[in-house]
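Take a look at the structure set out below.
The values are calculated or read from the model by the stated rules, or taken from the named source; none is laboratory data. What you see is a predicted model; the values in this text were computed from it and never measured. Neighbour counts run over all protein chains shown; Cβ positions are idealised from the backbone, glycine included. Only protein heavy atoms, including side chains, enter the accessible area calculation; ligands, DNA and RNA are left aside. Shrake-Rupley method; radii C 1.70, N 1.55, O 1.52, S 1.80 Å.
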4 protein chains.
Amino acid sequence: MRAITVPASGTALLLIDVINDLAFQGSQGLVAQAEAMAGRLAALKRRARAAGVPTIYINDNFGQWRSDFRQTVAHCTSRSSPGRRVSQRLRPTARDYFVLKPRHSGFYDTTLDTLLDTLRIRRVILTGIAGNICVLFTANDAYMRDLKLFAPADCIVSNTPAENDHALRQIATVLKGNVTASTRLTFRRRQGAAK
Amino acid sequence: MRAITVPASGTALLLIDVINDLAFQGSQGLVAQAEAMAGRLAALKRRARAAGVPTIYINDNFGQWRSDFRQTVAHCTSRSSPGRRVSQRLRPTARDYFVLKPRHSGFYDTTLDTLLDTLRIRRVILTGIAGNICVLFTANDAYMRDLKLFAPADCIVSNTPAENDHALRQIATVLKGNVTASTRLTFRRRQGAAK
Amino acid sequence: MRAITVPASGTALLLIDVINDLAFQGSQGLVAQAEAMAGRLAALKRRARAAGVPTIYINDNFGQWRSDFRQTVAHCTSRSSPGRRVSQRLRPTARDYFVLKPRHSGFYDTTLDTLLDTLRIRRVILTGIAGNICVLFTANDAYMRDLKLFAPADCIVSNTPAENDHALRQIATVLKGNVTASTRLTFRRRQGAAK
Amino acid sequence: MRAITVPASGTALLLIDVINDLAFQGSQGLVAQAEAMAGRLAALKRRARAAGVPTIYINDNFGQWRSDFRQTVAHCTSRSSPGRRVSQRLRPTARDYFVLKPRHSGFYDTTLDTLLDTLRIRRVILTGIAGNICVLFTANDAYMRDLKLFAPADCIVSNTPAENDHALRQIATVLKGNVTASTRLTFRRRQGAAK
């Protein structure tokens, strides 16, 4: 797979459901994959930041309609959370944006449309959990809005590698997304971006 | 105007843009009206709570896409905020729900639809600021979704009393809303509600 | 009121619920006003067409989910329809676009957003029936989408002149719309428009 | 696969993009599959009608924003249309509903939400073309709206059988849909349905 360069201007990095307690029956396999992914995704986020690409956390509220994202982060990074290492590694900072999603797609009944318009985003880099559910649903909706999709294959995980592969194939063929791995993706710096 | 009784079950109290710095040129008149309203609205909220009616804050993010509602509350209740007395009086508690809105209507690109469905709400009590803008826009959208509207006349304020009166008349005639004052509105207790 | 010139490029003329049987109790007053308006609106539509401005009919389906717009036109122009003269005068042609709306706002659960994007519209000229209901609801939603609004005062009618005046004032003040009469509105020709 | 019985009340049959000219490079394989499917789907539609289950055509407008569905049917059943046999076999009648969709999902910027609410639908039977694109996008959106999904495997076709199989597996596993073939699906008659 060839290396690609993505213009920083007009691009956003989306982290989908990475702040996650992964507390469900039989989550061990997914936890292991997600932990392996977290380091690569953290590195991609650092490079995005250096290039002036905004990061948007799109995260389930896990039915906790009264809590804010800070409480979700506290819950998911707590000792009892199987997802604590992933959530700690990818903990948001004050520079990041976040969008609460009540269903699977990041666009369904959320402010994401308005935020992307405000930031003048035309390209999204989709990452996170699970590739064949929330990432794919969000990808479909992004495609219908004429956004250009990137879905780095090494920053997306699903319950099984087979499900992940199929989701990536769907994104590549039907949604015309680029699935080049994050290690081969570099940003063309936005003018005047913080070093 | 006659007294009315609203069933607690299926009803939600909406507080629109009450957490507000009211920091705009010429806001003195609105600040004075909002301060007079805040006591009545706080009393209505207490009675709603006693009857088991959930309170939902629907609030502008004032362009601060990175902050959460807690930071908005801190900003609006700070010493330099003209809206500090209103915001303090109506400060949310851990029991309240909140929905961030990026535009005027509480339904536009927000999770409000999903939250109302989850809580099985069929009636909304609309209160807040400003009656002829965000309250009216939200009322229109609630009406199109077949929700029954209550808009207590003494819990809604606008820049001028004339604008407020007209908004209330629009809600009463076009949207078939009930504009009985909060002092004449009582709740029929939900079974098993906390005392 | 001063004359204004509107660039044809990026502008659309919206005709809201003008194909209408006006068959409700007490519609005589509205029918009379609408008939007086129909000639002015037909003239505006002709000038829009000459300048290359597309016309979009945004029309209620009157609960007839199985019929298409052609059948609605046939019904509203039939002998028994109180709105027949208005509907005949403003009958759509094969060049016009149309959007079926199930509720009051032209944007609610319709394809209007997508159509305006496809035509690259940034300005809308709102006309039709009734000024304080469907026209105003559509205006609110257009304003939240950052469209620039024109609402020619002589091409919008409501049940009563007082309701119409108030709706126009709301559009002018809250929505920052321009309510210059159609007779004072001219188009700056789109390059290459059909003569 | 076991036979299933679906209650007619609360159920709708959705025909997605079956009125289709199938006029694209390399469509021969899809045309052959769609023609084989059309007879089974026509039979399912007849049985739905007999049981009182409404049929809703959800159809692309093929970029023809000015035409109505009648013109789309005329175009797709014309002599030059590769999809003419499929479109003729499944030609809508005056009893059927139709929803124009501008993008892939039947729910995106359309009146489908409102129509399903009006008809009080809680279950949808998804059929049509193509299984891994418009049918799957619509299925995802139906699932997020808490509708129960049926996707009869013999009434859905895609460019390749492998793509179709995968879409059906996604519907069965992620969306918890029932993919029992139409030949094993019977309706429990709605009370008072026309014979």
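Quickly run through the stretch A:74-108 and pick out the residues that are among the aliphatic types (A, V, I, L, M) and either within 12 Å of chain B (Cβ to nearest Cβ) or within 18 Å of A:Met37 (Cβ to Cβ) (or both). Walk me through it before giving the result.
Within the stretch A:74-108, the first condition is being among the aliphatic types (A, V, I, L, M), and the residues that meet it are A:74, A:86, A:90, A:94, A:99-100.
Residues satisfying the conditions are A:Val86, A:Leu90, A:Ala94, A:Val99, A:Leu100.
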TODO: Test B:Thr111 against the stated conditions and say whether it is within 14 Å of chain A (Cβ to nearest Cβ) and in contact with a Leu (Cβ under 7 Å, 6 or more places away or on another chain).
DONE: yes
Task: Search result, residues across the stretch C:12-29 that are touching a helix residue (DSSP H, G or I) at 6+ places or on another chain (Cβ under 8 Å) and either in a strand (DSSP E or B) or free of Cβ contacts under 8 Å to residues at least 60 places away in the same chain (or both) - done: C:Ala12, C:Leu13, C:Leu14, C:Leu15, C:Ile16
Task: Residue count for the stretch D:69-100, restricted to those that are under 25 Å from C:Lys101 (Cβ atoms) and either touching a strand residue (DSSP E or B) at 6+ places or on another chain (Cβ under 8 Å) or of a type in the set (Phe, Trp, Tyr) (or both) - done: 9
Open item on the list: Can you find, within the stretch D:151-193, the residue that is farthest from the other protein chains (Cβ to nearest Cβ) among those that are in a helix (DSSP H, G or I) and under 15 Å from the mean Cα position of the chain (by Cα)?
Closed with: D:Ser182
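Identify, from the list B:Gln64, B:Gln71, the residue that is farther than 26 Å from B:Thr160 by Cα, within 14 Å of chain A (Cβ to nearest Cβ), open to solvent by 10 Å² or more (accessible area, probe 1.4 Å) and not in a helix (DSSP H, G or I). Step through it out loud before you land on a result.
Numbers: B:Gln71 fails: not in a helix (DSSP H, G or I).
On inspection, the qualifying residue turns out to be B:Gln64.
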Task: Residues (crowded, with 19+ Cβ neighbours inside 10 Å and either assigned to a loop (DSSP other than H, G, I, E, B) or within 14 Å of chain B (Cβ to nearest Cβ) (or both)) located in the stretch A:40-59 - done: A:Val53, A:Pro54, A:Thr55, A:Ile56, A:Tyr57, A:Ile58, A:Asn59
Open item on the list: Quick check on A:Arg169: is it touching a Gly at 6+ places or on another chain (Cβ under 8 Å) and open to solvent by 20 Å² or more (accessible area, probe 1.4 Å)?
Closed with: no
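Name the one entry in D:Ala8, D:Ala74, D:Ala51 that is over 14 Å from the mean Cα position of the chain (by Cα) and farther than 30 Å from D:Asp146 by Cα.
Values: D:Ala8 fails: farther than 30 Å from D:Asp146 by Cα; D:Ala51 fails: farther than 30 Å from D:Asp146 by Cα.
Matching residue, one of D:Ala8, D:Ala74, D:Ala51: D:Ala74.
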Open item on the list: For the stretch B:144-166, which positions are open to solvent by less than 60 Å² (accessible area, probe 1.4 Å), of a type outside the set (Val, Ile, Thr) and more than 21 Å from C:Ala130 (Cα to Cα)?
Closed with: B:Leu147, B:Leu149, B:Phe150, B:Ala151, B:Pro152, B:Ala153, B:Asp154, B:Cys155, B:Ser158, B:Asn164
- [ ] Could you grab me the full set of residues in the stretch A:2-24 that are within 18 Å of A:Pro102 (Cα to Cα) and crowded, with 22+ Cβ neighbours inside 10 Å?
- [x] A:Leu14, A:Leu15, A:Ile16, A:Asp17, A:Val18, A:Ile19, A:Asn20
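Which residues, counting only those in the stretch A:144-184, are touching a Phe, Trp or Tyr at 6+ places or on another chain (Cβ under 7 Å), of a type in the set (A, V, I, L, M, F, W, C) and in contact (Cβ under 8 Å) with a residue 24 or more places away in the chain? First the steps, then the outcome.
Applying the first criterion (touching a Phe, Trp or Tyr at 6+ places or on another chain (Cβ under 7 Å)) to the stretch A:144-184 yields A:144, A:149, A:175, A:177-178.
If we keep only those that are of a type in the set (A, V, I, L, M, F, W, C) as well, we get A:144, A:149, A:175.
Answer for the stretch A:144-184, where residues must be touching a Phe, Trp or Tyr at 6+ places or on another chain (Cβ under 7 Å), of a type in the set (A, V, I, L, M, F, W, C) and in contact (Cβ under 8 Å) with a residue 24 or more places away in the chain: A:Leu149, A:Leu175.
Looking only at the stretch B:128-145, how many residues end up being part of a helix (DSSP H, G or I) and at the interface with chain C (Cβ under 9 Å from one of its Cβ atoms)?
Filtering the stretch B:128-145 for residues part of a helix (DSSP H, G or I) gives B:131-144.
Now narrow it down to the ones that are at the interface with chain C (Cβ under 9 Å from one of its Cβ atoms): B:132-133, B:136-137, B:140-141, B:143-144.
Of the residues in the stretch B:128-145, 8 are part of a helix (DSSP H, G or I) and at the interface with chain C (Cβ under 9 Å from one of its Cβ atoms).
Of all residues in the stretch D:77-94 being of a type outside the set (A, V, I, L, M) and touching a Lys or Arg at 6+ places or on another chain (Cβ under 7 Å), which is surrounded by the most Cβ atoms within 10 Å (Cβ to Cβ)? I'd like the intermediate steps shown before the answer.
So the first thing to find is which residues in the stretch D:77-94 are of a type outside the set (A, V, I, L, M), and the list is D:77-85, D:87-89, D:91-93.
Still in the list and also touching a Lys or Arg at 6+ places or on another chain (Cβ under 7 Å): D:77-78.
Values: D:Thr77: 19, D:Ser78: 12.
The qualifying residue surrounded by the most Cβ atoms within 10 Å (Cβ to Cβ) is D:Thr77.
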TODO: Evaluate the stretch B:110-127: report whether one residue or more is surrounded by 20 or more Cβ atoms within 10 Å (Cβ to Cβ), hydroxyl-bearing (Ser, Thr, Tyr) and part of a loop (DSSP other than H, G, I, E, B).
DONE: yes
TODO: Taking D:Gly106 as meeting all but one of (1) in contact (Cβ under 8 Å) with a residue 40 or more places away in the chain; (2) open to solvent by 10 Å² or more (accessible area, probe 1.4 Å), write down the number of the exception.
DONE: (2)
